[in-house]
Amino acid sequence: MINMSEVLNNNAPEKKQVIYSAVQPSGNITLGNYIGALRNFSLFEDKESLFCVADLHSLTVRQDPAQLRKRSPSLAALYIACGLDPEKNIIYCQSHVPAHAELSWILNCYTYMGELNRMTQFKAKSQQHADNINAGLFTYPVLMAADILLYQTDIVPVGLDQKQHVEICRDIAQRFNSVYGDVFTLPEPYIRKSTAKIMSLSEPTKKMSKSDPDESFVSLFDDPDTIRRKIKRAVTDSEAQIRFDPENKPGVSNLLTILSALKNQTVEEVEQSLSGLGYGQLKEAVAQTVIEEFAPIQARYKEIMADKTYLPTILKENAARAQYLAQKTLRKVYKKVGLYQP
Ligand code: ATP
Ligand code: LTN
């Protein structure tokens, strides 16, 4: 069970809450995405929840069109395979709901260049893609704010790297509300402290990222041999002592974090259970746990993908449900800002 005291900024009010999150179909979903985000999505089953495939966001970095076309439904299938029921939750693709791009334009006019300039993800991605620092990369947080605000979202479960984007979303909403009245609900991020940032296997001082080289992450699609090989090669240190110390032992601490998250144990409990053992045994324990966690998800994913009509039907129906909800907010915004509506 998840310990609620671990959660940052979770001011849960009484009313029926709206939960919203999204992941970009920009690569193979990693263990970091799973532990930091996807795995937490199903905690909110009793709430009104929307989970989006952020395909428009993924265009901020060059994508191969044929691959992107496959990755979007594949990510939606993963949401379902990870335990989200598409009848109870709204699982859909961002580009199927035009209201996202429409609200994004309006919010662009209520967002300052100076605010966007401070975004650490923009700075990092500009360095990574120095040949393609496009305007979409710069206004990325505004589209994300539109995603969240269209549904009057209360809680946004994400990893730590997205905290700043949820904060700017709140700032934009507050600015808009202060001019036009209470149009938008102010969202709170839901970030589990202990698993907020899973690190790269090859460079454990860097975040694990699906657009990094393949050997730096475990993918939800990796088979058991690949998972074992990648974790065996994970960078550790020369001390040969299993101890949680992120500053001095980032590699070993990352493996302990992964194990503790998947076993639902504290890091101390995991450390104790491995006391006196070597790094080889730590890695074997991590690999085995990841393999066991992923096996049922991979099996369910295969079933979903084998049915050629199931997913397209679900995605169409859910996009219509999302568009209906989004349209209510968009109409209100158009009216408030003074756009003529015959
Ligand atoms: P990209 O490399 O394309 O930027 P990414 O792997 O960073 O992708 P996103 O699509 O940006 O993944 O993020 C999806 C969700 O996973 C977000 O909620 C994000 O905060 C979370 N997340 C991403 N990487 C990690 C990580 N290493 N640890 C914990 N959470 C993560
Ligand atoms: N920017 C997010 C993906 C994303 C998102 C959202 C997350 C797009 N829209 C709305 C939460 C809420 C990322 O993970 N890189």
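Derivation of every value follows stated rules applied to the coordinates shown; laboratory data play no part. Note that the structure is a prediction, hence the values are computed from the model and not measured. Note that we place each Cβ from the backbone using ideal geometry, even for glycine, and neighbour counts take in every protein chain shown.
Before moving on, here are some points about what is shown:
- The phi-based Karplus calculation (6.51 cos²θ - 1.76 cosθ + 1.60; θ = phi - 60°) puts the 3J(HN,Hα) values of the stretch 124-134 at 5, 5, 5, 6, 5, 10, 4, 7, 8, 8, 8 Hz, whole numbers, x for Gly and Pro.
- 3J(HN,Hα) along the stretch 230-246, derived from phi through the Karplus expression 6.51 cos²θ - 1.76 cosθ + 1.60 where θ = phi - 60°, amounts to 5, 6, 4, 7, 4, 5, 10, 7, 9, 7, 6, 9, 7, 8, 7, 7, x Hz, with x in place of Gly and Pro.
- Applying the Karplus relation 6.51 cos²θ - 1.76 cosθ + 1.60 with θ = phi - 60° to the stretch 147-161 yields 3J(HN,Hα) values of 3, 6, 6, 4, 9, 6, 5, 9, 10, 10, x, 8, x, 4, 5 Hz, where x marks Gly and Pro.
- Qualifying chymotrypsin sites (Phe, Trp or Tyr not before Pro) in the stretch 249-342, DSSP loop, other Cβ atoms within 10 Å at most 14: Tyr340
- Arranged from fewest to most other beta-carbon atoms within 10 Å of their beta carbon, His100, His165, His129 become His129, His165, His100.
- Per DSSP, loop GluC sites (Glu not before Pro) in the stretch 57-148 with at most 11 further Cβ within 10 Å: Glu87
- Along principal axes, Cα extents of the stretch 240-342, largest first, whole Å: 74, 40, 18
- Estimated FRET transfer efficiency (Ala66, Gln281; beta-carbon r; R0 51 Å; 0.05): 0.75
- Dimensions of the chain along the principal axes, based on C-alpha atoms and rounded to the nearest Å, stand at 73, 47, 46, largest first.
- Residue with peak Gaussian network fluctuation, the chain [Cα springs, cutoff 10 Å], from Gly114, Gly278, Gly136: Gly114
- GNM result for the chain, Cα springs below 10 Å: residue of Ala124, Ala76, Ala295 fluctuating most strongly: Ala124
- The calculated 222 nm mean residue ellipticity attributable to helices in the chain amounts to -15500 deg cm²/dmol, summing -39500 (n - 2.57) over DSSP H runs of n ≥ 4 and dividing by all residues.
- For Tyr190, distant residues with modelled amide H under 5 Å away: Val156, Val158
- Scattering profile of the stretch 54-202 at q = 0.19 Å⁻¹ [log10 I(q)/I(0), Debye over alpha-carbon scatterers]: -1.45
- Neighbour cut-off at most 13 other Cβ (10 Å), DSSP loop, trypsin sites (Lys or Arg not before Pro), the stretch 271-342: Lys308
- Taking every C-alpha pair closer than 8 Å and separated by at least 6 residues, the mean separation divided by the residue count of the stretch 65-187 gives a relative contact order of 23 percent.
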